[in-house]
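Read the structure below first, then the notes.
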Ligand code: HEM
Ligand SMILES: *[C@@H]1O[C@H](CO)[C@@H](O)[C@H](O)[C@H]1NC(C)=O
Ligand SMILES: *[C@@H]1O[C@H](CO)[C@@H](O)[C@H](O)[C@H]1NC(C)=O
Ligand SMILES: *[C@@H]1O[C@H](CO)[C@@H](O)[C@H](O)[C@H]1NC(C)=O
Ligand SMILES: *[C@@H]1O[C@H](CO)[C@@H](O)[C@H](O)[C@H]1NC(C)=O
Ligand SMILES: *[C@@H]1O[C@H](CO)[C@@H](O)[C@H](O)[C@H]1NC(C)=O
Ligand SMILES: *[C@@H]1O[C@H](CO)[C@@H](O)[C@H](O)[C@H]1NC(C)=O
């Protein structure tokens with residue numbers, strides 16, 4: 001059964017690749033077969049170690065790859081710290097005090113530098129870490145195209161504008177995904193990553209108490225779920241940064257419950273529920289399909305992750321392979 005699923009996913013991923021705009025087919029699953037054959041094994045080992053101390057890490061690393069790829073492509077730009085030449089994306093509104101996992105990326109990089117110095121890029125580490133994180137959480141497996149080079153620039157302004165906001169409506173979400181070549185199926189499938197990980201109270205309090213300045217809760221949220229969330233995210237004297245599960249059903253498992261939650265009006269973010277409820281939204285049918293079939297969700301998620309990983313990669317002689325993920329070589 002597992003083997004059959006793997007073969008089906010493999011086919012889906014290959015078909016998915018054919019639809020990538022811009023033809024960034026230079027990435028290759030076998031890229032490190034000669035130069036660093038242990039890359040997957042090493043990343044997996046470091047991630048499993050990190051997970052012993054932090055059950056949230058698989059979700060955090062999956063998100064890190066997303067926030068890298070949307071901003072000037074999958075070039076590891078999000079990992080760069082402030083320096084004379086860099087204004088770090090880490091302090092952009094969607095990232096500051098929110099994106100995490102940087103130290104685990106550094107640990108992976110250190111282990112890879114030990115095994116194969118100067119070979120594996122930080123951008124590829126993010127792609128492999130996301131893939132292994134999903135797999136270790138019970139999600140689909142896919143072959144991840146590799147060979148990305150690391151960028152030597154970052155763009156704080158872009159990070160502030162191109163990443164989706166939890167209060168974006170369906171039109172904005174579609175626009176931001178289309179801007180990087182991703183369609184409605186990618187949008188819905190990739191949003192399914194909210195099947196694991198945490199979010200801060202500050203991203204749901206307006207839905208609980210004062211939705212769109214109406215002074216009332218978001219009418220599209222299930223009342224029982226609202227009461228439950230209100231208890232842990234109180235209106236007054238609450239902790240804005242306190243963490244809640246994005247998926248109350250199975251918080252750390254990668255499964256299709258994100259979609260069944262949406263059907264029960266138990267989406268955490270406005271942008272989540274929007275996929276199902278926006279009037280006339282073409283995404284509603286995709287939500288229903290994934291809620292009904294984990295196989296369908298897993299297959300689409302795998303090919304959409306490949307599509308996202310193909311956003312404007314640097315390849316060949318472009319960019320560099322950083323020695324430290326947080327700084328440009330020689331700086
Ligand atoms: C569709 C638009 C999206 C919006 C508006 C959005 C927004 C957010 C927000 C606000 C959080 C909580 C952050 C915090 O509380 O600090 C979050 C968490 C998360 N997001 Fe998204 N996201 C989107 C799409 C994605 C995609 C495409 C992925 C990956 C493929 C993803 C993966 C995650 C994960 C795994 C978490 C939990 C991270 C953790 O626990 O550290 N999200 N997202
Ligand atoms: C990095 O630079 C940005 C933009 O200038 C600034 O907002 C941020 O506080 C700086 N962070 C650190 C740690 O110096
Ligand atoms: C980032 O978060 C820190 C608190 O950790 C805050 O002091 C700083 O002002 C924030 N930076 C930006 C640019 O919002
Ligand atoms: C940074 O991103 C902004 C907004 O996406 C864009 O207008 C600008 O050209 C970018 N800057 C550089 C140097 O690429
Ligand atoms: C969606 O959001 C954008 C930006 O906030 C806004 O201009 C637009 O009117 C909204 N569309 C709908 C249908 O609410
Ligand atoms: C809801 O928010 C708006 C704008 O932030 C504010 O003017 C209004 O007083 C709030 N209503 C309640 C009942 O808190
Ligand atoms: C708020 O929640 C965060 C995250 O759980 C925690 O680190 C912090 O100590 C809390 N702050 C207060 C004032 O309780």
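Helix 122-136 axis versus longest C-alpha principal axis of the chain: approximately 50°, rounded to the nearest ten.
Where is the GNM fluctuation largest for the chain (alpha-carbon springs, 10 angstrom cutoff): 312, 240, 226? Its mean-square fluctuation being the largest, the pick is 240.
Extension gain, residue 45 to residue 288: 0.36 nm times the residue separation minus the Cα-Cα distance gives 83.9 nm.
Exposure proxy check: 294, 89, 274 ranked by fewest other beta carbons within 10 Å? Working shown, then result.
On the way: 294 18, 89 27, 274 24.
Least to most surrounded, the residues fall as 294, 274, 89.
Going by alpha carbons, how many degrees (0 to 90, nearest 10) lie between the helix axis of 223-232 and the longest principal axis of the chain? Once rounded, the angle reads 70 degrees.
Between residue 110 and residue 235, the contour length at 0.36 nm per residue exceeds the Cα-Cα span by 40.6 nm. Largest mean-square fluctuation among 147, 224, 197, in a Gaussian network model of the chain whose springs join Cα atoms under 10 Å apart, belongs to 224.
Within region 241-301, the proportion of C-alpha pairs whose separation exceeds 18 Å stands at 33%.
Calculated from the alpha-carbon coordinates, region 170-305 shows an Rg and a Dmax of 14.8, 43 Å respectively.
In terms of surrounding Cβ atoms within a 10 Å radius of their Cβ, 260, 62 rank from fewest to most as 260, 62. Against the main long axis of the alpha-carbon atoms of the chain, helix 294-309 sits at an angle near 50°. Which residue, 31, 66, 196, has the most motion in a Gaussian network model of the chain that connects Cα atoms within less than 10 Å? Result for the chain, Cα springs under 10 Å: 31 fluctuates most. With contacts taken as Cα pairs under 8 Å at a separation of at least 6 residues, region 170-305 carries a relative contact order of 31 percent.
Listed by Cβ neighbour count within 10 Å, with the fewest neighbours leading, 84, 152, 157, 205 appear as 84, 157, 205, 152.
With the convex hull of the Cα atoms taken as the outline of the chain, the averaged projected area works out to 16.9 nm².
Throughout, read-outs are computed from the coordinates displayed, never taken from laboratory work. All values reported here derive from a predicted model rather than from experimental measurement. Neighbour counts are summed over all protein chains in view; Cβ atoms, including those assigned to glycine, are modelled from backbone coordinates with ideal geometry.
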